[in-house]
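Report on the structure given below.
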Amino acid sequence: MSPEPRPAGQPDVLVAGGGIGGLGAALALSRQGLRVRVLEQAAAFGEVGAGLQIAPNCTRILAEYGLLEEAKSLGVVPENIVMRDALDGRELSRLDLRDLERRYGFPYMVMHRSDLHGVLLRACERAGVQLLTDRTVTGYENTADGALVRLADGTTEQAPLVVAADGLHSAARLGLVGDDVVSSDYVAYRAAVPIEQVRGNDIAEKDVTVHIGPHCHFVQYALRGGEMFNQVAVFRSPKALAGRDDWGTPDELDAAFERTCDTVRDGIPLMWRDRWWQMLDRDPIDTWVHGRVALLGDAAHPPLQYMAQGAIMAIEDGWVLAKQYAAHAAAAASGAGPDWDAALAEYEAVRVEHCRRVQTTARAWGELWHLDGDDRLRRNAILTARDTHDYSFTDWVYGPTALTPDEEPPMFTPIPLASVGAAHVAAEVSRA
Ligand SMILES: Cc1cc2nc3c(=O)[nH]c(=O)nc-3n(C[C@H](O)[C@H](O)[C@H](O)COP(=O)(O)OP(=O)(O)OC[C@H]3O[C@@H](n4cnc5c(N)ncnc54)[C@H](O)[C@@H]3O)c2cc1C
């Protein structure tokens, strides 16, 4: 397939932002024979943070790109996801990840986010993607035959398509949509430490463990072939609730986990205290495509991270965009150029509803995980009764439907807490 002829040196696609979403899109589009240029504001390509969970809906794509084995060699394939009550440590629910792999055909893995970013960066280099740093994109405009970006240094660049993958605080989103981020009043602390530092903490090295508790949760899993251990501590900030700007500070971290079980409390002193991530998302929007400027990744659909799907959705976006380009590029062969408008319309048609569902479900998960009092006990009763092999909560997200236009309409039904009877609650109270 041959894209429309461009003057030598001119890209077919400009990608603003070289995070996981931008690089994923650049790789996917360059695999279709397009010349792609990535404009990254930072002085070097890289990622800040710790671990990422990579579910089968993403390892499926990494496999297609020929990157799964490299990713696996840098990460860990855990055995289970185990959900525990953060106060008493009791197991509430479990996903058998070996069975999950059989069901979806691809593994559930965890890896350091800089390792995944590195895998994509090296693949982009091999594919001939032009990777430019120190390029801050400040403005977007449509032109007669594509779109133009303005850079902070006063220069402009043009291409038939511009992909805005500039993250949660996207300048493109501000200019094209103009909405604000939404604060959840929760904050995340992260840490990735040598595994030896936590071996005495009653950890489960082969599992992803999620301890859910009143207004807090704590996630643990091993990284880098089991040499490192990743922890994420998330809690509701009293300072945020009081309307203060300086919220989520380390004193709040310690206070938030005071009531939790030993395994969680033992992990808290290891959290990095020099930076933290306020948990922000945005309300879902219907329009990601503005002429020849397409929002992608967190710029289009930043979620709260409770489903661990943010980076995955960004990679899926790039895969779908490239597939839709391929489906509508036939015109290129006849000299008319690819039908970008049709490809972009399909990109929206496939992705918007799925990502809306992830964003709204993540918010609902957050509410469920952070319940207190009798509602916590009702929730525990429901989760404990769940069959390990019940995949009704994962089929729509880990299966391939997010990548096709045939997805069923979203039908998220929150767990009916009120339907859990008093007898269940009484049983839970007696166990607590
Ligand atoms: C605590 C936490 C845990 C998470 N866990 C998971 C998980 O387990 N699994 C998962 O899938 N996701 C997870 N996520 C979400 C995931 O990190 C994000 O959804 C993902 O990184 C979004 O990728 P992106 O490329 O769209 O945006 P970003 O990663 O924000 O990348 C944007 C890039 O654009 C650049 N940029 C910004 N503005 C400009 C500009 N004006 N000009 C040029 N460049 C610009 C930035 O420097 C950056 O490189 C987690 C997030 C958090 C906070």
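The values are calculated or read from the model by the stated rules, or taken from the named source; none is laboratory data. Bear in mind that the values here come from a model prediction, so they are computed numbers and not experimental data. Note that we place each Cβ from the backbone using ideal geometry, even for glycine, and neighbour counts take in every protein chain shown. The protein model used for the area step is the full one, side chains on, heavy atoms only, and it has no ligands, DNA or RNA in it. Shrake-Rupley method; radii C 1.70, N 1.55, O 1.52, S 1.80 Å.
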> Here are LEU253, LEU321, LEU223: which of them is within 12 Å of the ligand (Cβ to nearest atom), of a type in the set (A, V, I, L, M) and open to solvent by less than 30 Å² (accessible area, probe 1.4 Å)?
Replying inline: LEU223
>> Quick check on this structure: which one of LEU148, LEU116 is in contact with a strand residue (DSSP E or B) (Cβ under 7 Å, 6 or more places away or on another chain) and assigned to a strand (DSSP E or B)?
In response: LEU148
> If we scan the range 338-358, do we find a residue that is away from the ligand (no atom under 16 Å from the Cβ), surrounded by fewer than 16 Cβ atoms within 10 Å (Cβ to Cβ), in a loop (DSSP other than H, G, I, E, B) and modelled with pLDDT under 95?
Replying inline: no
> Out of (1) in contact (Cβ under 8 Å) with a residue 60 or more places away in the chain; (2) surrounded by 17 or more Cβ atoms within 10 Å (Cβ to Cβ); (3) of a type in the set (Gly, Ala, Ser), the odd one out for GLY89 is which?
Replying inline: (2)
>> Please go through the range 158-173 and give me each residue that is more than 10 Å from the ligand (Cβ to nearest atom) and either under 16 Å from the mean Cα position of the chain (by Cα) or open to solvent by 50 Å² or more (accessible area, probe 1.4 Å) (or both), ordered by number.
In response: GLN158
> Applying the selection to the range 324-337, what residues are open to solvent by less than 10 Å² (accessible area, probe 1.4 Å) and either in contact with a strand residue (DSSP E or B) (Cβ under 9 Å, 6 or more places away or on another chain) or at pLDDT 85 or above (or both)?
Replying inline: TYR325, ALA329
> Just checking, how many residues over the range 174-220 are open to solvent by less than 10 Å² (accessible area, probe 1.4 Å) and either among the aromatic types (Phe, Trp, Tyr) or out of contact with any helix residue (DSSP H, G or I) (no Cβ under 9 Å at 6 or more places or on another chain) (or both)?
Replying inline: 2
> What are the residues in the range 29-58 that are near the ligand (Cβ under 8 Å from one of its atoms), within 29 Å of PRO400 (Cα to Cα), modelled with pLDDT of 95 or more and in a loop (DSSP other than H, G, I, E, B), if any?
Replying inline: ALA55
> within 11 Å of the ligand (Cβ to nearest atom) and either touching a helix residue (DSSP H, G or I) at 6+ places or on another chain (Cβ under 9 Å) or at pLDDT below 95 (or both): does that describe ILE61?
Replying inline: no
>> Between a residue in the range 134-159 that is on the phi > 0 side of the Ramachandran plot and any residue that is open to solvent by less than 70 Å² (accessible area, probe 1.4 Å) and of a type in the set (A, V, I, L, M), which pairs come within a Cβ distance under 6 Å, given they are 6 or more apart or on different chains?
In response: GLY146/ALA159
